[in-house]
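The values are calculated or read from the model by the stated rules, or taken from the named source; none is laboratory data. Note that the structure is predicted; figures quoted are calculated from it, not measured. For neighbour counting, all protein chains shown are included, and Cβ atoms are generated from backbone atoms with ideal geometry for every residue, glycine included.
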Amino acid sequence: MSGDLPKETSNHLDSLNNETKCVTSVFTVFFEDPFWVGILEENYNGINYMGRHIFGAEPSNSELIQFYMYELEKIKKIKISESEIETKKVSFKKSLNKSKKIQNKKNTGTKSQNLFQRAFEEILKINKKERKKEEIMNKEEKYKKKQEKKSEKKKGH
C-alpha cells in the first residue's frame, strides 16, 4: 500500500480496540481524451483517500481483473478532506443496479463504437418518422374509403 495510509489500514478490515473498521472503495474506469483512466476512491472509517491510474489504451476485462488482483494496491493514494466526498450507506442491490446503469450508458466503448451507435440511433429515428407518416396516410385512406362506401349506400343500387 501507499505510504500515505496509516499502518492500521493495511488490511481491508482491521480490528482496533474491538471495533470493526469499515472500508469502502470504488474503482471507476472512464475515457479522458486521449487515455483511459482509472480512479480509486477509498474510505477508511471516515477518512477518504483517492488514487489515479492511467491505462493508455482501452483495457479489456481480463486486463482489468489482472490490474485489480495485482496492481490496485500499488496505486499511490492521497488523503482528501471529508467535506469533498460524501459517503452514504447504500444497500448492495442499489449499488449493483447503479453500476449496471453506468455500464449500460451509451458512451461506454471506443470512439468508433460510439459513432456507430449514434448513427444507428439516427437511422432508427428516421425510420420511426417514416412509419408514423405511413400510419397517418393509411388512416386517411381508410377514412376516405369508409366515407365513399357510406355515400354509395345512401345512393342505392
request  = Filter the stretch 30-59 down to residues that are among the aliphatic types (A, V, I, L, M) and at pLDDT 80 or above and give me whichever is farthest from Lys77 (Cα to Cα).
outcome  = Ala57
request  = Could you please tell me which pairs satisfy a Cβ distance under 9 Å, a separation of 6+ or placement on different chains, a first residue in the stretch 56-71 that is within 19 Å of Phe31 (Cβ to Cβ), and a second residue that is small (Gly, Ala, Ser) and modelled with pLDDT of 85 or more?
outcome  = Pro59/Gly38; Leu64/Gly38; Phe67/Gly38
query = Taking the condition outside the structural domain of Thr28 (by TED's automatic domain parsing), surrounded by fewer than 10 Cβ atoms within 10 Å (Cβ to Cβ) and either modelled with pLDDT of 80 or more or not in a loop (DSSP other than H, G, I, E, B) (or both), does Ser62 pass?
reply = no
ask   = Which is surrounded by fewer than 10 Cβ atoms within 10 Å (Cβ to Cβ) and in a helix (DSSP H, G or I), of Lys100, Lys105, Lys142?
value = Lys100
Search result, residues across the stretch 32-46 that are touching a residue at least 40 places away in the same chain (Cβ under 8 Å) and not in a loop (DSSP other than H, G, I, E, B) = Glu41, Asn43
